[in-house]
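The block underneath contains the structure these notes are about, expressed in structure tokens.
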Amino acid sequence: MRPNIVLYFSDQQRADTIGLYGQKLNVTPNLDKLGRNGIVFSNAFSAQPVCGPCRAMFQTGRYPSEIGCFTNCIALPRNIKTLAQYYTENGYDVAYVGKWHLASDGELEKPPRINYIENPIPLESRGGYSGFWRVSDVLEFTSHGYGGYVFDEHMNRIDFDGYRCDCITDFGLEYLEQAPEDKPFFLTISHIESHHQNDHGHYEGPVGSAEKYRNCEIPADLMALEGGDYREEYPDYLGQCESLDYNLGRVIEKLKEKGLYENTVIVYVSDHGSHFRTRNRDENFCGYDDYKRSGHDASLKVPLVIGGGAIKKRRWVKELVSTASLPKTLLALAGINVGKKMIGENLLEVADGKLPGRKNQVFAQISESRVGRVLRTEEYLYAVVAKGIWGGAQPDAEEYVPDYLYDLRKDPLQLLDVKNEPEYAQIIKRLSAELEEEIFQAERKHARIVV
């Protein structure tokens, strides 16, 4: 029987909150154990560090610029085939709980043209998920750290009172209690933790988090930068990450209790990280109250672990990979080969070393804060920007200029921008040519980088 697949999806979680990625405190024992017995991608990077666009990419296997979902609150097009539809037509039962962020259409600050933010999402706007459904379109607007509500597949409101991460997981456990015995399933548990609460800009960890992690070690890149709110917020942020891990443990235990674990793959990933308002403090920034939307590792580097009883191999993958490859890989786990219908690689083949000669670099699109593009290699982080264009107005541009360049061999914390240093002139030209090619491959448009 083909494996069950659980996509356990966190929000705005830095990779370095996790033991496998260097966290010294015992914040993530369950994920660490899962990874030690599975596949860990130690250099995974988001291809779009904004919630809605990244989710659109995860559901369709298309770049947000291609399908029009390049900013938050642009509804997922109904004419593009999704993960749920691929799984369903291949005999899988599909279920979704938590944050969707792909139905409402319009700006949050104004009445949206189509408003499912605080209302149930109709079947036609669920991306093919026609069964078990416990979802809020924008969960941060229908809940806080404690208390809130979602809607079920019949559009009934379901209120909850406890800590949000626990309650969203409860819905996932509810599905596992009733999962069909005659077919495999694809279950997404989409948490909003470890995202900040939008209405007051605070990371809401479980009660006691601030005290428990008051003296925690702050990541070096944050400590080296001025401004930001990491001093106040990082302890609760770690509390959120601890809760994510605790609830992952609950999912694993339920799978074992139901006799499902040995035939289940668990994929743990986040949409993007958080720079705690320390980046995007420049002339190109378009003014968001910002925690992401940049090309720095703080925003782009994310956890990506594939484990569970159905994974019989152990791999520590050091190659740079993009989460743009996640949809194709999720389907490959079920034996569904979509070929060129989706972007990216089958990451199982990367883990097995079956793609010799692949370029060890990743590409990312930046929206909202700017119209930007990023090339991340082992040695350099290079970003370009379309001057004078607001990142919420259009998905791409015909012309870009260098935004920043970091030499990661000398500056792993990405503190010293060297794009204007004479000794990097030839490197800028080479990276610009490579980035132009990445843009063309991703967007099928010839963009020019003016250096």
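Within segment 126-133, not a single residue is assigned to a strand (DSSP E or B), within 19 Å of residue 50 (Cα to Cα) and not acidic (Asp, Glu).
Would you call residue 22 on the phi > 0 side of the Ramachandran plot and out of contact with any strand residue (DSSP E or B) (no Cβ under 7 Å at 6 or more places or on another chain)? Against the criterion (on the phi > 0 side of the Ramachandran plot and out of contact with any strand residue (DSSP E or B) (no Cβ under 7 Å at 6 or more places or on another chain)), residue 22 qualifies.
Out of all the residues in segment 215-224, which are open to solvent by 30 Å² or more (accessible area, probe 1.4 Å), in contact (Cβ under 8 Å) with a residue 60 or more places away in the chain and part of a loop (DSSP other than H, G, I, E, B)? Working first, answer last.
Start the filter on segment 215-224 by keeping residues that are open to solvent by 30 Å² or more (accessible area, probe 1.4 Å), which leaves 215, 217-218, 220, 223-224.
After this cut, where a residue has to be in contact (Cβ under 8 Å) with a residue 60 or more places away in the chain as well, the list is 217, 220, 224.
Of everything in segment 215-224, those that are open to solvent by 30 Å² or more (accessible area, probe 1.4 Å), in contact (Cβ under 8 Å) with a residue 60 or more places away in the chain and part of a loop (DSSP other than H, G, I, E, B) turn out to be 217, 224.
If you go through segment 15-32 and pick out every residue that is in a loop (DSSP other than H, G, I, E, B) and surrounded by fewer than 18 Cβ atoms within 10 Å (Cβ to Cβ), you end up with 4.
Scanning segment 124-135 for residues that are within 18 Å of residue 175 (Cβ to Cβ) and either touching a strand residue (DSSP E or B) at 6+ places or on another chain (Cβ under 6 Å) or free of Cβ contacts under 8 Å to residues at least 60 places away in the same chain (or both) returns 126, 128, 129, 130, 131, 132, 133, 134, 135. Quick check, is residue 95 under 28 Å from residue 1 (Cβ atoms) and crowded, with 22+ Cβ neighbours inside 10 Å? Yes, satisfied.
Which members of segment 251-277 meet the condition of being open to solvent by less than 10 Å² (accessible area, probe 1.4 Å) and in a loop (DSSP other than H, G, I, E, B)? Steps first, answer last, please.
Within segment 251-277, the subset open to solvent by less than 10 Å² (accessible area, probe 1.4 Å) is 251, 255, 264-276.
Result: 271, 272, 273, 274, 275, 276.
Only one of (1) of a type outside the set (S, T, N, Q); (2) touching a strand residue (DSSP E or B) at 6+ places or on another chain (Cβ under 8 Å); (3) at pLDDT below 95; (4) surrounded by fewer than 21 Cβ atoms within 10 Å (Cβ to Cβ) fails for residue 138. Which number is that? The single condition residue 138 does not satisfy is (4). There is at least one residue in segment 435-446 that is touching a helix residue (DSSP H, G or I) at 6+ places or on another chain (Cβ under 9 Å) and part of a helix (DSSP H, G or I). Filtering segment 298-327 to residues that are open to solvent by 30 Å² or more (accessible area, probe 1.4 Å) and either outside any loop (DSSP other than H, G, I, E, B) or among the aromatic types (Phe, Trp, Tyr) (or both) leaves 301, 315, 316. You will find that of 168, 121, 114, 192, the residue that is touching a strand residue (DSSP E or B) at 6+ places or on another chain (Cβ under 9 Å) and farther than 25 Å from residue 269 by Cα is 114 and no other.
Residue 194 satisfies every condition listed in (1) part of a helix (DSSP H, G or I); (2) open to solvent by less than 20 Å² (accessible area, probe 1.4 Å); (3) hydroxyl-bearing (Ser, Thr, Tyr) except (1).
Please tell me if residue 412 is under 24 Å from residue 222 (Cα atoms) and open to solvent by 10 Å² or more (accessible area, probe 1.4 Å). Steps first, answer last, please.
Values: under 24 Å from residue 222 (Cα atoms): yes; open to solvent by 10 Å² or more (accessible area, probe 1.4 Å): yes.
Here the answer is yes, as residue 412 does meet what is asked.
Just checking, does segment 83-90 include any residue being open to solvent by less than 10 Å² (accessible area, probe 1.4 Å), touching a residue at least 60 places away in the same chain (Cβ under 8 Å) and within 30 Å of residue 238 (Cβ to Cβ)? Within segment 83-90 (the criterion being open to solvent by less than 10 Å² (accessible area, probe 1.4 Å), touching a residue at least 60 places away in the same chain (Cβ under 8 Å) and within 30 Å of residue 238 (Cβ to Cβ)), the answer is no, since none of the residues qualifies.
With respect to (1) more than 18 Å from the chain's Cα centre (by Cα); (2) of a type outside the set (Asp, Glu); (3) over 30 Å from residue 313 (Cα atoms); (4) surrounded by fewer than 23 Cβ atoms within 10 Å (Cβ to Cβ), the lone exception for residue 72 is condition (1). Screening segment 141-163 for residues that are more than 18 Å from residue 95 (Cα to Cα) and of a type in the set (S, T, N, Q) and picking the one that is surrounded by the most Cβ atoms within 10 Å (Cβ to Cβ) gives 143. Scanning segment 231-250 for residues that are charged (D, E, K, R), open to solvent by 20 Å² or more (accessible area, probe 1.4 Å) and either under 19 Å from residue 266 (Cβ atoms) or in contact (Cβ under 8 Å) with a residue 60 or more places away in the chain (or both) yields 242, 250. Of all residues assigned to segment 349-362, none qualifies as being touching a helix residue (DSSP H, G or I) at 6+ places or on another chain (Cβ under 6 Å) and assigned to a helix (DSSP H, G or I).
Assessment of segment 99-120 against the conditions (modelled with pLDDT of 95 or more, within 29 Å of residue 184 (Cα to Cα) and surrounded by fewer than 24 Cβ atoms within 10 Å (Cβ to Cβ)) yields at least one matching residue. Residues of segment 52-69 that are on the phi > 0 side of the Ramachandran plot and open to solvent by 10 Å² or more (accessible area, probe 1.4 Å): 68 alone.
Residues checked against (1) modelled with pLDDT of 95 or more; (2) touching a Ser or Thr at 6+ places or on another chain (Cβ under 6 Å); (3) farther than 21 Å from residue 44 by Cβ:
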{"site": "225", "(1), (2), (3)": "no, yes, yes"}
{"site": "241", "(1), (2), (3)": "yes, yes, no"}
{"site": "277", "(1), (2), (3)": "no, no, yes"}
{"site": "287", "(1), (2), (3)": "no, no, yes"}
{"site": "292", "(1), (2), (3)": "no, yes, no"}
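The values are calculated or read from the model by the stated rules, or taken from the named source; none is laboratory data. Worth saying up front: this structure is predicted, and the values here are computed from it rather than measured. Backbone-built Cβ (ideal geometry, glycine too); neighbour counts: all protein chains shown. All accessible areas refer to the heavy atoms of the entire protein, side chains included, with ligands and DNA or RNA removed. Shrake-Rupley method; radii C 1.70, N 1.55, O 1.52, S 1.80 Å.
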